[in-house]
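Comments concern the structure below.
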Amino acid sequence: MSAVHRALKKHFGFDKFRSQQQEDAVKAVLKGDRDVFVLMPTGAGKSLCYQLPALLASGITLVISPLIALIQDQVEHLKALNVPARSINSKLPSAERRQILADLESESPRLKLLYITPEMVASPSFQPCLSSLCARGLLAYLAVDEAHCVSQWGHDFRPDYLKLGYLRSRLQGVPCVALTATAPKRVQEDIERSLKLRSPLVFAIPVFRKNLKYDVIFRDLLPDPYVHLLAFAKEALGGNTAEKGCGIVYCRTRESCEEVAHKLTKLGIPAKPYHAGLKVGDRNESQTDWMAGKVPVIVATISFGMGVDKANVRFVVHWNLAKSLASYYQESGRAGRDGLPSSCRIYYSPKDRDQLNFLIRKEIARKQEKRGSEKEQDKSPILDFEAMVAFCEQEGCRHATISQFFGNQKPNCAGACDFCRDPRLVRAQLARAAALSTR
Ligand code: ADP
Ligand code: MG
């Protein structure tokens, strides 16, 4: 067993790495000669990519994280593992703060990981400590978690993250590890630029999942969309709905959740609605029944799915369009976690597109009015939405579009999308839709 594996077992109790990418990232960080960029979905184990090297290196790893609540979770978790980790933040009792600072000032500090918000890093009170650590060569790594917060194109933009570029230039020679979940290409580029990553080694879990079959059906061309949905659900569930997996149908409004659930149930597949308009009890019942496999299909608004990790989701349908290609990838990605063949389908409708487009622009206008000015990044939800629309209206491989949006190479789809299976059908559908719209 290698030293890294021994340390993985000793400090974290894990027998092996989660993925080859996690192992490679840990080893690259340990080498310490390059900046490292980690792009992996939520839950993939990104933290370990800097925590394990931090324990094996001499010196202290400074970890930037956007929220005190996130920091406290992480620090508690590490303390429970007996890892010397602390955080300095505005909520810290002053006695504890003094104790941490005293340790950092000592000749050989005990602390291995110091968690801190970007505000705190930039605050004058922390500067003497930072300068002293730096001057004594005690900083092993700078880890920037949730690095997408640096991007004005992202949804969690935090202006304080922009100060990290300056921090970077103060910490000459300290390798930087930036971590974020799978992010659009332009967000990745923002991160590299803002954090001044110098030709970083990138470790990413590929976006392409070959067990997911993508297709788009123009809803307005169907004689009866519910019957069409039923046939799709039946096939995806494998005929016998009683025991063979389950599905999710996403709708934008409460009314359509009710309507679709009602229609599916009436046509023969039990389905329950899930949305914010339901009484808490009913909503929880929908979820637990679905989780337990008592009801095969849940028809939900996008509030459903956060933290839901069910392995045997055989299909994810979008009855209405998602608001961005990134959200669509995330939502549809709840299918097929067990690696078995699963289907992701959008029932596309230009009417629906126009409605959502209107709502998105209205929301932007509302924000601008409140703020009293316009900003370049206000356009970002529109660009995100346009990518979603283009995905539906394109003649081309759906998997390729998704992969390239996230900056990955074009994958080998091998018939895992409607276009690669039969481009003629996709073209014919587009032609019929165009004919319908000009009538
Ligand atoms: P991310 O930041 O990518 O969302 P985390 O770092 O929070 O993910 O890790 C998610 C979970 O995976 C944690 O509970 C963590 O302990 C666990 N984990 C990380 N690495 C491994 C591993 N090699 N083996 C088993 N579990 C792991
Ligand atoms: Mg994380």
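The values are calculated or read from the model by the stated rules, or taken from the named source; none is laboratory data. All figures in this text were calculated on a predicted structure; none of them were measured in a lab. Methodologically, a virtual Cβ is constructed for each residue, glycine included, from the backbone with ideal geometry; neighbour enumeration extends over all protein chains shown. These area figures cover heavy atoms from the full protein model, side chains too; ligands, DNA and RNA do not enter into them. Shrake-Rupley method; radii C 1.70, N 1.55, O 1.52, S 1.80 Å.
Relative to a virtual label point 7 Å from the Cα of Asp338 in the Cα→beta-carbon direction, which members of the stretch 1-32 show backbone nitrogen distances below 13 Å?
Taking a point 7 Å out along Cα→Cβ of Asp338, no residue of the stretch 1-32 has its backbone N under 13 Å.
For the stretch 111-180 and the stretch 30-100, what is the separation of their Cα centres, given in Å?
12 Å
Filter the trypsin sites (Lys or Arg not before Pro) in the stretch 264-338 down to the DSSP loop ones having no more than 11 other Cβ atoms within 10 Å, then list what survives. Don't skip to the answer; put the middle values down first.
Details: sites: Lys266, Lys279, Arg283, Lys294, Lys310, Arg314, Lys323, Arg334, Arg337; in loops: Lys279, Lys294, Lys310, Lys323, Arg334, Arg337.
Counting only loop positions with at most 11 other Cβ atoms within 10 Å, the trypsin sites (Lys or Arg not before Pro) in the stretch 264-338 are Lys279.
Between Met1 and Asn284, what is the spin-label point distance in nm, taking each point 7 Å from the Cα along the Cα→C-beta axis?
It is 4.2 nm.
Taking a probe of 1.4 Å, how large is the accessible area per residue of the chain, in Å²?
On the way: 21030 Å² over 439 residues.
Result: 48 Å² of accessible area for each residue.
Mind giving me the nanometre distance, one decimal, between the label points for Lys362 and Arg97, set 7 Å out from Cα along Cα→Cβ?
Modelled inter-label distance: 4.6 nm.
Suppose only helical runs count, i.e. DSSP H with n ≥ 4. What mean residue ellipticity at 222 nm does that imply for the chain under -39500 (n - 2.57) per run, divided by all residues and rounded to the nearest 500 deg cm²/dmol? Before the final figure, lay out each step's value.
Numbers: 18 runs with 193 residues, N = 439.
Computed mean residue ellipticity for the chain: -13000 deg cm²/dmol.
Loop by DSSP (not H, G, I, E, B), at most 13 other beta-carbon atoms within 10 Å: where is the longest site-free stretch of the chain for GluC sites (Glu not before Pro)?
Numbers: sites that count: Glu107, Glu243, Glu374, Glu395.
After excluding every exposed loop site, the longest remaining stretch is 108-242.
How many Lys pairs in the stretch 156-271 lie less than 19 angstrom apart by Cα atoms, where the lysines are 8 or more positions apart or on different chains?
On the way: Lys163/Lys196; Lys185/Lys196; Lys213/Lys234; Lys213/Lys244; Lys234/Lys244; Lys234/Lys263; Lys234/Lys266.
Eligible lysine pairs with Cα atoms under 19 Å apart amount to 7.
Name the trypsin sites (Lys or Arg not before Pro) in the stretch 1-77 that are in a loop by DSSP and that have at most 11 other C-beta atoms within 10 Å, would you? The partial results should precede the final answer.
Numbers: sites: Arg6, Lys9, Lys10, Lys16, Arg18, Lys27, Lys31, Arg34, Lys46; in loops: Lys16, Arg18, Arg34, Lys46.
The qualifying sites are Lys16.
Report the antiparallel proportion of the DSSP beta bridges in the chain as a percent, rounded to a multiple of 5. Could you put the intermediate results ahead of the total?
On the way: 0 of 49 bridges.
That works out to approximately 0 percent antiparallel.
Does anyone have the angle between helix 20-31 and the longest principal axis of the chain? Alpha-carbon axes, 0 to 90°, nearest 10?
Its long axis makes an angle of about 20 degrees.
With everything on Cα atoms, drop me the angle between helix 185-194 and the longest principal axis of the chain, reported from 0 to 90° to the nearest 10.
That works out to roughly 20 degrees.
Set Lys and Arg Cβ to +1 and Asp and Glu Cβ to -1, take the dipole of the stretch 211-336 about its Cα centre, and tell me which of Leu321, Val280, Phe218 lies farthest positive.
Checking the options against the dipole of the stretch 211-336, the answer is Val280.
Enter the angle in degrees (range 0 to 90, nearest 10) between the Cα long axis of helix 423-438 and the first principal axis of the Cα atoms of the chain, meaning the one along which they spread out most.
70 degrees
Return the long-range amide H neighbours of Tyr115 (sequence gap of 5 or more, or a different chain), with a cut-off of under 5 Å between placed amide H atoms.
Under 5 Å from the amide H of Tyr115 lie the amide H atoms of Val63, Arg86, Ser87, Ile88, each far enough along the sequence or on another chain.
Note the full-extension length gain between Ser106 and Lys185 as 0.36 nm times their separation in residues minus their Cα-Cα distance, in nm to one decimal. Mind showing how you got there, number by number?
On the way: separation 79, 0.36 × 79 = 28.44 nm, distance 4.29 nm.
Working it through step by step, the gained length comes to 24.2 nm.
Accessible area of the chain with a 1.4 Å probe: how many percent of it is carbon plus sulfur? Each step should come with its number before you reach the end.
On the way: 11260 of 21030 Å².
After summing per-atom areas, the C and S share lands at 54 percent.
How far, in nm, would the chain grow between Arg18 and Val227 when pulled straight, counting 0.36 nm per residue and subtracting the alpha carbon separation? Can you show the working numbers first?
Working: separation 209, 0.36 × 209 = 75.24 nm, distance 4.18 nm.
Extra length available between Arg18 and Val227 comes to 71.1 nm.
Just to check I understand the Karplus step: with θ = phi - 60° and J = 6.51 cos²θ - 1.76 cosθ + 1.60, what whole-Hz values come out for the stretch 386-400, glycine and proline as x?
Computed from phi, the couplings for the stretch 386-400 are 4, 5, 5, 5, 4, 4, 6, 9, 7, 10, x, 5, 5, 4, 4 Hz.
Using label points projected 7 Å from each Cα along Cα→Cβ, tell me how many nm separate Cys134 and Asp354, to one decimal.
My value for the distance between the label points is 5.7 nm.
Gln72 to Arg193: FRET efficiency via 1/(1 + (r/R0)^6), r the Cβ-Cβ distance, R0 35 Å, to the nearest 0.05?
On the way: r = 30 Å, r/R0 = 0.87.
It comes to 0.70.
Could you tell me which of rounded, prolate or oblate describes the stretch 78-143, using a ≥ b ≥ c as the square roots of the eigenvalues of the alpha-carbon gyration tensor, with rounded for a/c under 1.5 and, failing that, prolate when a/b is larger than b/c and oblate otherwise?
Numbers: a/c = 1.34, a/b = 1.06, b/c = 1.26.
Rounded.
So between Ile382 and Asn412, what do we pick up on full extension, going 0.36 nm a residue minus the alpha carbon distance?
Numbers: separation 30, 0.36 × 30 = 10.80 nm, distance 2.95 nm.
Taking 0.36 nm per residue and subtracting the Cα distance, the gain is 7.9 nm.
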